[in-house]
1. Would you be able to tell me the number of residues in the range 293-335 that are among the β-branched types (Val, Ile, Thr) and farther than 23 Å from His239 by Cβ?
2. I need the full set of residues from the range 177-210 which are surrounded by 15 or more Cβ atoms within 10 Å (Cβ to Cβ), in contact with a Lys or Arg (Cβ under 7 Å, 6 or more places away or on another chain) and in a loop (DSSP other than H, G, I, E, B), in order please.
3. Leu380: out of contact with any Pro (no Cβ under 9 Å at 6 or more places or on another chain), in a helix (DSSP H, G or I) and buried (at least 17 other Cβ atoms within 10 Å of the Cβ), yes or no?
4. Look through the range 154-174, keep the residues that are surrounded by 16 or more Cβ atoms within 10 Å (Cβ to Cβ) and not charged (D, E, K, R), and return whichever of them is farthest from Arg15 (Cα to Cα).
5. Condition test on Arg413, is it surrounded by fewer than 20 Cβ atoms within 10 Å (Cβ to Cβ) and basic (Lys, Arg)?
6. Looking only at the range 125-183, count how many residues are closer than 14 Å to Leu217 by Cα, out of contact with any Cys (no Cβ under 7 Å at 6 or more places or on another chain) and in contact (Cβ under 8 Å) with a residue 60 or more places away in the chain.
7. Filter the range 55-66 down to the residues that are touching a residue at least 24 places away in the same chain (Cβ under 8 Å) and within 15 Å of Ala12 (Cβ to Cβ) and list them by number.
8. Of all residues in the range 19-35, how many are of a type outside the set (Lys, Arg) and either modelled with pLDDT of 90 or more or surrounded by fewer than 21 Cβ atoms within 10 Å (Cβ to Cβ) (or both)?
Amino acid sequence: MTAADAHRAVEAVWRIESARVIAGLARMVHDVGLAEELAQDALVQALEQWPRTGVPDNPGAWLTLAAKHRAIDLFRRRDVYERKLQEIGRDAEVRQESAEAELDDALDDHIGDDLLRLIFTACHPVLPPEGRLALTLRLLGGLTTQEIARAFLVPEPTVAQRIVRAKRTLAEKKIAIELPPPAELPTRLASLLEVIYLIFNEGYAATAGEDWIRPSLCEEAMRLGRVLAGLMPGEPEVHGLLALMEIQASRIPARTAPDGSPILLLDQDRARWDRLLVRRGLAALARAESLGSLGPYGLQAAIAACHARALTPQDTDWERIAALYRLLAHVAPSPVVELNRAVAVGMAYGPAKGLEIADALMQERTLRGYAHLPAVRADLLAKLGRAEEAAGEFERAAGLTRNARERTLFLDRAAALLRPPA
């Protein structure tokens with residue numbers, strides 16, 4: 001095996017196993033930052049040894065063992081190890097074996113609980129949203145600071161500072177690495193799900209830059225969603241979020257043309273949708289429905305399922321989608337939900353009805369810089385034959401978006417409306 005092959009293997013193993021290793025260490029040392037440092041030490045050791053010795057048969061176990069030994073060394077240096085031996089009260093040899101066995105247990109047992117603790121810690125509400133995003137991708141996704149910076153189009157030092165601040169905040173606030181008490185679970189779970197969906201959304205519809213989508217971020221969010229669904233199988237919203245992400249991600253192959261330009265939902269070739277992801281998403285939705293009433297993510301998944309089940313755009317059950325948006329607006333009211341409802345109502349009951357809803361949002365302060373409000377109005381105005389007004393709204397939308405592909409799309413639609421008929 002060449003050194004390059006070994007390095008690629010190390011990187012692949014780290015992406016898969018790092019969360020498990022860090023989670024076990026965090027429970028042992030009670031410090032997320034220190035746990036990551038110990039795991040990184042094991043990674044450096046792998047990068048040094050594997051090119052010479054080859055990749056071990058069980059590379060994840062190798063990393064875990066290496067990290068465990070680093071933790072033992074740390075305990076020795078800090079005299080914690082000796083104190084633990086004295087507490088056990090046996091002769092030196094037996095005491096050492098017992099202490100090392102205890103450390104083995106700390107790393108090898110309750111992996112599911114450890115990962116769950118780490119997820120809730122990385123997404124703790126005490127951290128600002130950008131800190132939660134960066135720390136989650138670093139600890140649970142195994143992404144480097146450079147990869148996170150590239151994904152969100154921010155300078156690498158900015159991401160590094162966010163991660164450092166997040167870990168410092170957790171330490172200063174003495175946030176325990178533990179599962180939240182039952183009374184706090186709904187709020188903490190909502191924060192966790194929000195972080196995962198923010199990661200997915202940035203991949204599905206990039207807010208800025210030259211790319212319309214970033215599939216790698218979508219894949220990372222879905223991976224985290226699947227891990228969480230395995231750890232919390234009885235939570236309907238966990239399955240609802242997973243269903244929503246998988247159904248939406250099924251459209252990715254059809255969302256862009258060969259040149260990277262966007263293709264809107266109603267213009268997509270549905271034969272290019274990933275049917276495996278559709279089936280997985282519908283199964284996750286069924287699981288959510290079987291566990292109780294659908295929450296915000298489950299309802300959005302039900303809306304996405306209406307599109308997934310329609311073989312052609314004409315087959316779409318827009319009346320059901322409009323009804324689901326009305327329910328979603330009741331469960332989780334927001335101006336963006338209402339804007340999406342305007343689109344559905346316009347498709348189900350005519351553009352004039354949809355425009356009424358969209359027009360009512362014009363004074364909504366939170367939507368003043370939101371490019372999709374004028375874009376929705378433009379589409380509805382165009383369907384009503386008000387081409388000049390529609391073109392002006394598309395131009396306004398182009399001025400608000402920070403995504404280059406989306407800006408071109410809006411300007412092209414404005415130009416087409418103003419072009420004299422052939």
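1. Initial filter on the range 293-335 (among the β-branched types (Val, Ile, Thr)): 303, 312, 316, 321, 331.
So of that shortlist, the ones also farther than 23 Å from His239 by Cβ come out as 312, 316.
Residues meeting the conditions: 2.
2. Ile177, Leu179, Pro180, Ala206
3. Values: out of contact with any Pro (no Cβ under 9 Å at 6 or more places or on another chain): no; in a helix (DSSP H, G or I): yes; buried (at least 17 other Cβ atoms within 10 Å of the Cβ): yes.
No, not satisfied.
4. Just the residues of the range 154-174 that are surrounded by 16 or more Cβ atoms within 10 Å (Cβ to Cβ), to begin with: 159-160, 162-163, 165-167, 169-170.
Narrowing further to those that are not charged (D, E, K, R): 159-160, 163, 166, 169-170.
On the way: Val159: 18, Ala160: 18, Ile163: 18, Ala166: 21, Thr169: 25, Leu170: 23 Å.
Only one residue tops the list, namely Thr169.
5. Details: surrounded by fewer than 20 Cβ atoms within 10 Å (Cβ to Cβ): no; basic (Lys, Arg): yes.
Spelling it out, it is not the case that Arg413 is surrounded by fewer than 20 Cβ atoms within 10 Å (Cβ to Cβ) and basic (Lys, Arg).
6. The qualifying residues number 8.
7. Looking only at the range 55-66, we keep the residues that are touching a residue at least 24 places away in the same chain (Cβ under 8 Å), and these are 55, 59-60, 63-64, 66.
Of everything in the range 55-66, those that are touching a residue at least 24 places away in the same chain (Cβ under 8 Å) and within 15 Å of Ala12 (Cβ to Cβ) turn out to be Val55, Pro59, Gly60, Leu63.
8. Step one: of the range 19-35, the residues of a type outside the set (Lys, Arg) are 19, 21-26, 28-35.
Checking the rest, the ones that are also either modelled with pLDDT of 90 or more or surrounded by fewer than 21 Cβ atoms within 10 Å (Cβ to Cβ) (or both) come to 29-31, 33-34.
Qualifying residue count, the range 19-35: 5.
The values are calculated or read from the model by the stated rules, or taken from the named source; none is laboratory data. These figures come from a predicted structure and were not determined experimentally. Note that we place each Cβ from the backbone using ideal geometry, even for glycine, and neighbour counts take in every protein chain shown.
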